[in-house]
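J.: Dropping a structure here in structure tokens format, bear with me for questions.
Read-outs throughout are calculated quantities, based only on the coordinates presented, and are distinct from any laboratory measurement. Because the structure is a prediction, the values reported are computed rather than measured. Cβ: placed from backbone, ideal geometry, glycine included. Neighbour counts: every protein chain shown.
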Amino acid sequence: MEGSAIDVGNFQFGGHEALMVFDNVFIPWENVLMCGEYEFSGMLLERFAGYHRQSYGSCKVGLGDVLIGAAALAADYNGAAKASHVKDKLIEMTHLNETLYSCGIACSAQGSKTASGTYLIDLLLANVCKQNVARFPYEIARLTEDIAGGLMVTMTSEKDLQHPEIGKVLEKYLQGNASIYTEDRARIMRLVENITLGTAAVGYRTESMHGAGSPQAQRIMIARQSNLEQKKIIAGIKE
Ligand SMILES: Cc1cc2nc3c(=O)[nH]c(=O)nc-3n(C[C@H](O)[C@H](O)[C@H](O)COP(=O)(O)OP(=O)(O)OC[C@H]3O[C@@H](n4cnc5c(N)ncnc54)[C@H](O)[C@@H]3O)c2cc1C
């Protein structure tokens, strides 16, 4: 492919994003997949988006596992791991995360063979998967922030902790669980801060919302696939 990126200046975006604009693009003929077959473009888009929505049933779940682990460690380090509400919140987070995983597995397992011989995921379940992904990570993040405590944003800097004088004071007054180094407590707070509010939140929160299409795009697909007429028949009223 030939092309040129337009210089967008020295802007530094939060997630170190790059904006590339291609013009004068040449695509070799062997890489041309469609040429004028407009009747298939809707189907191509639905299937492409469906696969993207399926994949969030694994990638966001992996990030969720990291966050649940961080919340559990934060509870240990804070000295609150035995509190019944903390245990229950960790159960709730696991329930939400595994529900997302189940959706990813379900839309894959319910896939079927297409005329070309390739397998296609269940598009309704893939859209249900992504619709849940646009919601549950926010609740998992909320519960993590609850468990971690305000220290996840007010924690002192590494430089202060390592300061020969101030470091000892901080070590004493920022200690939670007596058997844990304050520096380890600081590390877990930084991890929670990063995934829920910092750079990694781009991937855990905003991408969960808008990646593979904003929530309304899934609702349109769910409406198309919901087969309401069939459901009316199984309700059993004969007019
Ligand atoms: C972290 C991240 C990673 C991404 N990665 C990729 C990637 O790898 N590849 C890729 O191709 N894309 C990627 N995307 C882009 C993603 O597909 C879009 O963000 C998504 O489709 C939503 O589009 P938008 O951001 O322009 O929001 P908008 O379309 O502006 O949506 C904002 C709001 O407006 C509403 N809205 C928009 N149009 C209408 C309308 N016509 N009628 C009524 N309501 C409307 C939406 O429902 C939503 O509520 C990524 C996005 C994020 C945030």
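J.: As an exercise, identify the GluC sites (Glu not before Pro) in the stretch 22-109 lying in DSSP coil whose Cβ has no more than 14 other Cβ atoms within 10 Å.
T.: Sites meeting the loop and neighbour criteria: E37.
J.: Separate question: Run down the lysines and flag those whose C-alpha is under 16 Å from the C-alpha of K113, throwing out any fewer than 8 positions away in its chain.
T.: Hits, sequence-local ones excluded: zero.
J.: List the cysteines in the chain whose Cβ has no other cysteine Cβ under 4.7 Å from it.
T.: C35, C59, C107
J.: For K172, go through the aspartates and glutamates and keep the ones whose alpha-carbon is under 12 Å away, minus same-chain ones fewer than eight residues off.
T.: Filter leaves E183.
J.: For a 30 Å ceiling on Cα separation, which of these pairs sit above it: K82/K130; K130/K159; K60/K168; K60/K82?
T.: Too far apart for the 30 Å limit: K82/K130; K130/K159; K60/K168.
J.: Continuing with the same structure: Quick one: check the C-alpha center-to-center distance for the stretch 88-105 versus the stretch 164-229, whole angstrom.
T.: Value for the Cα centre distance between the two parts: 15 Å.
J.: Averaging sequence separations of C-alpha pairs under 8 Å and six or more residues apart, then dividing by the length of the chain, give the relative contact order as a whole percent.
T.: Contact order relative to length: 22 percent.
J.: Compute log10 of I(q)/I(0) for the chain with the Debye formula, placing one identical point scatterer on every Cα and leaving out solvent, at q = 0.14 Å⁻¹, to two decimals.
T.: Cα-only, vacuum Debye calculation for the chain: -1.02.
J.: Taking a quarter of the surface of the convex hull around the Cα atoms of the stretch 49-105, what do you get in nm²? Write down the numbers at each step before the final one.
T.: On the way: hull surface 15.1 nm².
Computing the convex hull of the Cα atoms and averaging its projections yields 3.8 nm².
J.: If you don't mind, another one. Net charge near A74: determine it from the other residues with C-beta under 12 Å of the C-beta of A74, scoring Lys and Arg +1 and Asp and Glu -1.
T.: Around A74, the charge tally is -1.
J.: Continuing with the same structure: Considering just Cα atoms, how many Å³ per residue does the convex hull of the stretch 109-235 enclose?
T.: 188 Å³
J.: Quick one: order I237, I91, I195 by neighbouring beta-carbon count within 10 Å, fewest to most. Walk me through the numbers before you get to the answer.
T.: Values: I237 6, I91 10, I195 23.
Going from least to most buried by this count: I237, I91, I195.
J.: Would you list S41, S55, S116 from fewest to most Cβ contacts within 10 Å?
T.: With the fewest neighbours first, S41, S55, S116 line up as S116, S41, S55.
J.: Can I ask one more? If we count trypsin sites (Lys or Arg not before Pro) as exposed when they sit in a DSSP loop and have at most 16 other beta carbons within 10 Å, what is the longest stretch of the chain that avoids them all? Intermediate results must be reported in sequence, preceding the final value.
T.: Details: sites that count: K82, R135, K238.
Answer from the scan: 136-237.
J.: May I ask you to evaluate 6.51 cos²θ - 1.76 cosθ + 1.60, the Karplus curve with θ = phi - 60°, for each residue of the stretch 113-119 and list the ³J(HN,Hα) values in order in whole Hz, giving x for glycine and proline?
T.: Taking θ as phi minus 60°, the curve returns 6, 8, 4, 6, x, 7, 9 Hz for the stretch 113-119.
J.: What is the sum of charges, Lys and Arg at +1 and Asp and Glu at -1, for the other residues whose Cβ falls under 15 Å from the Cβ of R219?
T.: +3
J.: What is the sum of charges around L124, taking Lys and Arg as +1, Asp and Glu as -1, for the other residues whose C-beta is under 15 Å from the C-beta of L124? Can you show the working numbers first?
T.: Details: positive: R47, R53, K130, R219, R224, K231; negative: E46, D122, E229.
Neighbour charge sum, excluding L124 itself: +3.
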